[in-house]
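The values are calculated or read from the model by the stated rules, or taken from the named source; none is laboratory data. Fair warning: this is a prediction, and the values are worked out from it, not measured in the lab. Note that each Cβ is placed from the backbone with ideal geometry, even for glycine, and that neighbours are counted across all protein chains shown. The accessibility values were calculated without ligands, DNA or RNA, using every heavy atom of the protein model including side chains. Shrake-Rupley method; radii C 1.70, N 1.55, O 1.52, S 1.80 Å.
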Amino acid sequence: MVQSASPKRLHVASPVHGAVLGVEVEVGQAVARGQVLLVLEAMKMEVAVEAPDPGIVRAIAAVPGDVVPEGHVVIELEPASAPADGPAGLPAAPAADPAQPRAALRAVLARHALTFDAARPEAVARRHSSGRRTARENLADLLDAGSFTEYGALAVAAQRSRRSLDDLQRNTPADGLVTGTGTVGGRPVAVMAYDYTVLAGTQGVFNHRKSDRLLAIAAEQRLPVVLFAEGGGGRPGDVDWLGVAGLDCTTFARFAALSGQVPLIGIVAGRCFAGNAALLGCCDIVIAAEGSSIGMGGPAMIEGGGLGRVDADAVGPVQVLAAAGVIDLRVADEAAAVAAAKQLLGLGRARPDAGAGGDLLALRFALPENRNALYDVRHIVQTVMDAGSVIELRRDFGAGIVTAFARLGGRAVAVAASHPRHLGGALDAPACDKLARFMQMADSYALPLITFVDTPGFMVGPASEATGMVRHAARLFVGAAALRVPVASVVLRRGYGLGAMALTAGHFHAPAATCAWPSGEFGAMGLEGSVRLGFRKELEAAPPAEREALFDRLLAAAIERGQALNMASHLEIDDVIDPAATRAWLQRVLGAASGRELPPRRAFIDAW
């Protein structure tokens with residue numbers, strides 16, 4: 001600050017209220033423009049007072065320790081020409097080279113370098129020798145190039161009281177969990193990747209804090225979460241914390257709270273036990289590579305519980321868990337798992353219409369003329385939906401129903417189809433559970449639901465009821481009643497009883513539209529059974545030689561009455577269509593339909 005002065009003096013004033021730390025010049029000294037005259041301290045910050053113009057110091061009005069108010073004159077200068085060789089007659093300091101960072105930055109760069117795979121070639125080589133990729137390689141494959149922002153990269157295991165800091169930095173980078181945000185096909189996501197090369201991907205004190213931080217960000221910014229879950233669960237070797245059992249850890253509750261709020265996709269290749277498996281089980285969709293083993297306890301926990309010794313790969317192998325419904329997508333390896341995750345995340349955006357997946361005219365002959373003959377419903381789904389878009393979930397579980405995400409005219413949809421090759425398409429308990437949860441996912445992801453119906457109804461009999469069938473079947477009606485997305489239903493052949501109603505969101509008028517193919521036939525129960533039950537007296541009264549012929553006549557009448565055309569003429573369904581027009585019919589129906597105007601998110605998606 002320069003105050004007004006006499007023609008021969010410049011009054012240099014203090015720019016702040018502060019204490020004088022030091023005076024850098026003497027009376028009579030020549031100074032250049034910008035040269036520091038004295039230094040003040042204000043609010044713990046050093047403030048340099050500089051010469052506004054070249055001159056000669058004629059008076060100094062402050063000494064170290066003085067507290068001067070803002071605007072107080074501290075130096076008087078007599079104007080003069082600038083010294084030829086820089087401030088105070090000294091050579092000018094050379095300019096800093098930005099390519100040569102200061103020591104503090106060099107330390108930061110060196111520390112970050114220890115977190116990269118290149119810093120641990122032996123660990124990476126062991127990982128590659130097992131046929132698997134590192135956590136960072138998987139993230140690099142998943143995320144758009146240059147989009148990753150890492151959180152907590154400088155963390156190390158909470159073991160400083162038993163290991164050197166240099167050891168921890170070199171051998172426990174990121175505390176075994178890589179977390180951050182990025183984009184997948186332009187869609188923002190949050191990612192968590194347990195690093196099996198670091199303490200077997202176990203969950204430590206600091207990586208729990210890292211996951212909590214990321215999950216809070218995902219909740220606030222409504223980011224889908226992709227979890228690479230391979231790892232051994234809790235880490236007993238972490239000793240640098242105050243506590244006993246750590247059961248106040250909030251990571252699991254935070255992760256679970258995202259269910260129904262944002263998509264949760266879990267990927268596992270290798271071994272995934274205990275806490276890692278608990279997080280995986282909370283995911284909407286679990287993708288598992290061949291050779292994986294998943295369980296709520298690993299071999300050590302099993303043996304510790306007195307249950308004997310079990311090989312790690314035998315705890316929960318893929319083929320067992322896929323059949324049990326734990327795994328949604330079974331893939332060859334991590335590369336295929338990442339590709340599937342990208343495809344699933346891409347459902348959130350419209351795509352160009354890729355055209356039908358097969359010959360639509362051939363749908364006219366997709367069903368055999370024999371009403372009791374089997375056929376492949378997957379072929380029908382693949383033909384109607386966009387080419388290459390179908391992603392089937394839980395293929396090895398609940399085989400009576402096929403569930404898949406797909407695209408129709410570029411728009412993402414959810415598809416459920418009866419599978420007559422299993423129990424004739426009857427809905428047993430696993431099929432009910434599979435469809436009930438799939439409806440929840442469709443609703444949470446705001447995907448219209450398309451159902452293809454060919455079912456004799458719910459599976460019945462003592463063996464079925466022993467599975468708790470009454471409750472499993474009811475899940476479909478309760479879940480359908482809460483659906484907010486539009487439903488469109490196509491009855492391919494049999495639409496019998498409560499099972500058919502459950503496949504059409506509760507009843508035939510619950511969908512935005514319900515149609516049938518010409519092969520459709522309907523009844524309050526299976527037609528053969530309805531004839532034997534409804535006409536029992538007549539059949540028992542008929543002579544044995546005529547009984548079968550009477551049954552055939554009664555069945556033919558029931559089939560005629562239950563034909564699709566008759567159903568449509570009584571307005572119990574909305575139309576009967578040419579099978580070749582199925583794709584176009586669905587596009588028109590969903591194009592005109594809108595979901596209920598209810599709160600935009602579900603409370604949660606069932607883990608089962």
Strands (runs of 3 or more DSSP E) contained in the range 197-316 and holding at least 3 residues open to solvent by less than 50 Å² (accessible area, probe 1.4 Å) = 225-228, 264-268, 285-289, 293-295
Which pairs have Cβ atoms under 8 Å, sit 6 or more apart or on different chains, and link a residue in the range 155-173 that is farther than 21 Å from Pro121 by Cα to one that is charged (D, E, K, R)?
-> Ala158/Asp175; Ala158/Asp238; Ala158/Asp240; Gln159/Asp238; Gln159/Asp240; Arg160/Asp240; Ser161/Asp240
Go through the range 37-47 and give me each residue that's free of Cβ contacts under 8 Å to residues at least 24 places away in the same chain and either open to solvent by less than 50 Å² (accessible area, probe 1.4 Å) or hydroxyl-bearing (Ser, Thr, Tyr) (or both).
-> Val39
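Mind listing whichever residues of the range 50-59 are open to solvent by less than 20 Å² (accessible area, probe 1.4 Å) and either touching a residue at least 60 places away in the same chain (Cβ under 8 Å) or touching a Pro at 6+ places or on another chain (Cβ under 7 Å) (or both)? Spell out how you get there, then give the answer.
Here is the first cut: in the range 50-59, the residues open to solvent by less than 20 Å² (accessible area, probe 1.4 Å) are 51, 55, 57.
Correct list: Gly55 only.
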Exception for Leu329 within (1) within 20 Å of Gly232 (Cα to Cα); (2) of a type outside the set (Phe, Trp, Tyr); (3) in contact (Cβ under 8 Å) with a residue 40 or more places away in the chain falls at (1)
Answer yes or no: is there a residue in the range 586-599 that is free of Cβ contacts under 8 Å to residues at least 24 places away in the same chain and touching a helix residue (DSSP H, G or I) at 6+ places or on another chain (Cβ under 9 Å).
-> no
Matching residues in the range 139-188 - criterion: being assigned to a strand (DSSP E or B) and touching a Pro at 6+ places or on another chain (Cβ under 9 Å) = Thr181, Gly182, Val184, Arg187, Pro188
Assess whether Leu483 counts as being among the aliphatic types (A, V, I, L, M), open to solvent by less than 50 Å² (accessible area, probe 1.4 Å) and over 20 Å from Asp454 (Cβ atoms).
-> yes
Would you mind listing the helices (runs of 4 or more DSSP H) fully within the range 496-608 where at least 1 residues are over 23 Å from Pro368 (Cβ atoms) and modelled with pLDDT of 80 or more?
-> 497-502, 536-541, 544-561, 564-569, 582-592
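Scan the range 491-517 for residues that are in contact with a helix residue (DSSP H, G or I) (Cβ under 6 Å, 6 or more places away or on another chain) and farther than 25 Å from Met469 by Cα and jot them down.
If we filter the range 491-517 for residues that are in contact with a helix residue (DSSP H, G or I) (Cβ under 6 Å, 6 or more places away or on another chain), which is where we start, we get 502, 505-507, 512-513, 516-517.
Across the range 491-517, the qualifying residues are Ala512, Ala513, Ala516, Trp517.
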